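Notes for the one structure printed next.
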Amino acid sequence: MKSLFSITACIVNLSIFLVFTAAAQNPEFPWPEGKKMAISLSFDDARASNPSPGATLLNEYGVKATFYVVPASMERDIPGWEMVVDTGHEIGNHSLYHPCSGNFVWSRNKALEDYTLERMRKELIAANDEVERLLGVRPEVFAYPCGLTYVGKGERTQSYVPLISELFLSGRGWKDEAPVDPYYADMAQLTGMEMDNKSFEEILPLIEAAAENRQWLVLAGHETNTEGNQTTYLSMLRKLCAYANDPANGIWIAPVGTVAKYVNEKRAAMEGNLNIPGISRPSEEGSINLTAEKGKGIGPDIKYMPEWNAFGWFTAKDRVEWDLDLPKKGTYEVWMEWSVSDEEAGKPFLLTSGDQTIEGVVKPSGSWETFQKTKIGKLSLEADFNRIIVASGEEFEDGALMDLKALTLVPVGK
């Protein structure tokens, strides 16, 4: 079994970037045409250098990027931005006024600390309206100004990530430390890694690490020129485009929205067959379905088997954990769905949550391919966070414990 997270250190411009890569027990992400990874180039603010020489250079290589614009800045060169649209680049929303923290003196009169969610909503919609009026396209993607995702201050602080999730296909951050995991990432919080003021040789380790882990590298910059602060160098872009266009490197380079739609389609097609650990919550009826897809397999030989949507483990050191978020405390009947052959049946298991324990013996289900469901006991769970763990009840040297598909928690009295 691969470790859930591996850490690759990339020394870039005398700095060490830690690139965390998920290695869950899932098939390799199916990028189009057998590609190894995706790259999206993105540029913020509608800088004057973006249409030319920026987009003009990208057009030489047939590479399309995403430009996150502030309408007032874009309005200074409408013909240039019309060219950007006409040549196939994506226009994204970067807010109406580029609000950032008032800690930046230049943003004091548009400080996020003075915003409310409703004010942000109105301005995001107004920015989309302005872009559509000026260029005839309506943005579907967003980039957080300054990479900041909150409004308000102190105890009135609120995230506006849910608002971006509602209004846009994706939201991109800034100066993040890792590429996007296409299986796991929150589309409203895509990681954006800085490419300003870097050579291609400094960017290349990020590309190679993302390719090794079949990830999506979203690069973020501002100006597109030969020199200057907050500038993505044209020399770097030329080398990157040539590298990405070489079929031997297995790179799909496309705008953020194009890749986001593709990832969403693949996720939907593979739903129910991926192990993406996450917190579980009750359904409207109050029951809680703890599927193997959302469990964390921990141990030397635990296996998530997508063909069965189940965990199987082969040593007593293996276990499966689920995290729960409950709105209120309650007592639940616990039902287990499992399979095991007659030969391997009979080993004890333990289910624990806090100081509570349910002990049982894995009974025969008929075969490894035949799943059964039975009640194994009760648990009293607290409001807020709970963790449930299933493990072997004793050491064993040969064979297997069981294949565990799901736990179902049914409120007592329902």
The chain, helix-only ellipticity at 222 nm - DSSP H runs n ≥ 4, -39,500 (n - 2.57), divided by all residues, nearest 500: -6000 deg cm²/dmol
Flagged links, alpha-carbon separation over 18 Å, of LYS110/LYS153; LYS261/LYS296; LYS329/LYS405; LYS36/LYS266: LYS261/LYS296; LYS329/LYS405
Percentage relative contact order, the stretch 5-269, counting C-alpha pairs under 8 Å, at least six apart: 25
Principal axis dimensions, the stretch 333-382 - Cα atoms, whole angstrom, descending: 36, 17, 11
Length released on extending from TYR150 to LEU57, taking residue separation times 0.36 nm less the Cα-Cα span: 30.0 nm
Proxy reagent accessibility, fewest Cβ within 10 Å first, across GLU337, GLU271, GLU202: GLU271, GLU202, GLU337
Order of ASP45, ASP186 under a 10 Å beta carbon neighbour criterion, fewest first: ASP186, ASP45
log₁₀ of I(q)/I(0) at q = 0.13, 0.18, 0.19 Å⁻¹ - the stretch 114-236, Debye sum with one point per alpha carbon: -0.65, -1.07, -1.12
Fraction of alpha-carbon pairs over 17 Å apart in the stretch 288-411 - percent: 53
Rg over Rh [alpha-carbon atoms, Kirkwood Rh] for the stretch 359-407: 1.00
Footprinting exposure proxy for THR191, THR66, THR149 (fewest neighbouring C-beta atoms within 10 Å first): THR149, THR191, THR66
For the chain, Kirkwood radius (reciprocal of mean inverse C-alpha pair distance, Å): 23.9
Estimated dipole of the chain in Debye, rounded to 20 [Cβ of Lys and Arg +1, of Asp and Glu -1, Cα centre]: 660
Cut-off under 5 Å, modelled amide H: who pairs with PHE349 long-range: GLY360, VAL361, VAL362, GLY393
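Every read-out reported here was derived from the displayed coordinates using simple, explicitly stated rules and does not represent laboratory data. Quick caveat, the model's predicted, so the values are computed rather than measured. With ideal geometry, Cβ positions are generated from the backbone for all residues, glycine too; neighbour counts draw on all protein chains shown.
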